[in-house]
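Q: Take a look at the following structure, please.
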Amino acid sequence: MAASNAQNPRTMAARFAPRGLWSLVFLCIGLWCFAPVQPSFAAASGQDSSDFSRSNESQASADSQEGEFQDDMDTMFDAREFAVDTFAWDNWKINSGHFESDKWADTARIALVDSSAGQFYVHPFRNVVTSDFGLRHWLWHKGVDIRLAKGDTVRAAFDGIVRVTKKDRRGYGNVVVIRHPCGLETIYGHLSRVCAACNAKVKAGDVIGLGGSTGRSTGCHLHFEMRYYGEPFDPNCIIDFEAYGLRSDTLVLTRGNFNYLAELRKEQWHTVHKGETLGHIALRYHTSIKNICLLNHLTPRSLLGVGRKLLVSGKLPGPSRSSFAPAQKAVSERS
């Protein structure tokens, strides 16, 4: 019986209820003395082989499930077609994962059009661009806004598998995320209605939603994004939004397409609360009123609206453009 109590300190605590302060002190010492010592996973020599076995079995099970899921995705396409990578696959999170673009030294070449395999591009919706990729209202807009009317048909740009369909009230509104080959994804936001289902195969040109103004939007438009393994890049590098077609059949990406992210992640933002002044904010972030004004195009007497976001440190990069002509800009909406 004594041995049993020694191995189970909670039994001791129940049988010898503390009476007064000294009893509580002795009880705590007893619990500490008899508490079982957990093996350290850092020291291989002191770890029980059964722990290794359970860990290996758990990892093997996870790898097996991931492999089966990838195999299921592969069977959705003909052998002549491409395979869809299930990297960070999640049917709920729009931002399900990303790669370290600042350390990337490779060049990705992704074939987007192959007539022999029946792979084509279809423009999501043919109309003018109202807000382009890049700096907008002192914030970075990571997509391209295309004007449309409520109920207009929005189509999948490429073949792929639908990863997400949801209603994001604070941002994209009714949104569809489609996974394409080699970690490429396209996002279609602010839809009035979603016409696609999760984990369903779609072809370029299939209707995946109807135009609208849901979520964080001030007017009907389509917010269109392109991402590579979770990181947004400028769609203008591959899509001609004036000609409604591709600039090339092959998408080429390097670290240069993601340089803006390194600068954005160095920035520090502050959301204005009721009663705050530029002086309060400058004092909190160990900066000056002049610096905050320069970063946000303000004057020391500017009125601060509650909820406004102010850049308090860092430097916003200018829009990065290659040799292609920028799409038409007419900032009238936001996403």
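Q: Restricting to the stretch 256-276, name every residue that is in contact (Cβ under 8 Å) with a residue 24 or more places away in the chain and of a type in the set (D, E, K, R).
A: Of the residues in the stretch 256-276, the ones in contact (Cβ under 8 Å) with a residue 24 or more places away in the chain are 256-264, 266-274, 276.
Glu263, Lys266, Glu267, Lys274, Glu276, listed by residue number.
Q: Just checking, does the stretch 128-150 include any residue being of a type outside the set (Val, Ile, Thr), surrounded by fewer than 17 Cβ atoms within 10 Å (Cβ to Cβ) and over 30 Å from His270 (Cα atoms)?
A: Yes, the conditions are met somewhere in the stretch 128-150.
Q: Another question about this same structure. So if I check each of Asn291, Asn296, which one is touching a helix residue (DSSP H, G or I) at 6+ places or on another chain (Cβ under 9 Å), more than 30 Å from Ala105 (Cα to Cα) and surrounded by 13 or more Cβ atoms within 10 Å (Cβ to Cβ)? Give the steps one after another, and end with the answer.
A: Numbers: Asn296 fails: touching a helix residue (DSSP H, G or I) at 6+ places or on another chain (Cβ under 9 Å).
Being touching a helix residue (DSSP H, G or I) at 6+ places or on another chain (Cβ under 9 Å), more than 30 Å from Ala105 (Cα to Cα) and surrounded by 13 or more Cβ atoms within 10 Å (Cβ to Cβ) holds for just one of Asn291, Asn296, which is Asn291.
Q: Using the structure shown, decide if Ser323 is at pLDDT below 85, out of contact with any Leu (no Cβ under 6 Å at 6 or more places or on another chain) and within 30 Å of Phe120 (Cβ to Cβ). Lay out the reasoning, then the answer.
A: On the way: at pLDDT below 85: yes; out of contact with any Leu (no Cβ under 6 Å at 6 or more places or on another chain): yes; within 30 Å of Phe120 (Cβ to Cβ): yes.
Judged against the criteria, Ser323 is a match.
Q: With respect to Gly230, determine if the residue is modelled with pLDDT of 90 or more and on the phi > 0 side of the Ramachandran plot. Walk me through it before giving the result.
A: On the way: modelled with pLDDT of 90 or more: yes; on the phi > 0 side of the Ramachandran plot: yes.
It is true that Gly230 is modelled with pLDDT of 90 or more and on the phi > 0 side of the Ramachandran plot.
Q: A further question follows. What pairs come up if the first residue lies in the stretch 97-125 and is outside the structural domain of Asp145 (by TED's automatic domain parsing), the second is part of a helix (DSSP H, G or I) and modelled with pLDDT under 90, and their beta carbons are under 8 Å apart, counting only those six or more places apart or on different chains?
A: As it stands, the answer is Ser101/Leu261; Ser101/Ala262; Asp102/Leu261; Asp102/Ala262, since those pairs meet every condition given.
Q: Filter the stretch 281-306 for residues that are among the polar types (S, T, N, Q) and in a loop (DSSP other than H, G, I, E, B); which is modelled with the lowest pLDDT? I'd like the intermediate steps shown before the answer.
A: Residues of the stretch 281-306 that are among the polar types (S, T, N, Q), as a first pass: 287-288, 291, 296, 299, 302.
Those still in the list that are in a loop (DSSP other than H, G, I, E, B) too: 287-288, 299, 302.
Working: Thr287: 83, Ser288: 86, Thr299: 90, Ser302: 89.
The qualifying residue modelled with the lowest pLDDT is Thr287.
Q: For the stretch 217-252, enumerate the residues that are part of a loop (DSSP other than H, G, I, E, B) and surrounded by fewer than 16 Cβ atoms within 10 Å (Cβ to Cβ). Reasoning before the result, please.
A: Residues of the stretch 217-252 part of a loop (DSSP other than H, G, I, E, B): 217-220, 229-230, 234, 238, 241-244, 247-249.
Scanning the stretch 217-252 gives Thr218, Gly219, Glu242, Ala243, Tyr244, Arg247, Ser248, Asp249.
The values are calculated or read from the model by the stated rules, or taken from the named source; none is laboratory data. None of the values given here were measured: they were computed from a predicted structure. As a convention, Cβ positions derive from the backbone with ideal geometry for all residues, glycine included, and neighbour counts pool all protein chains shown.
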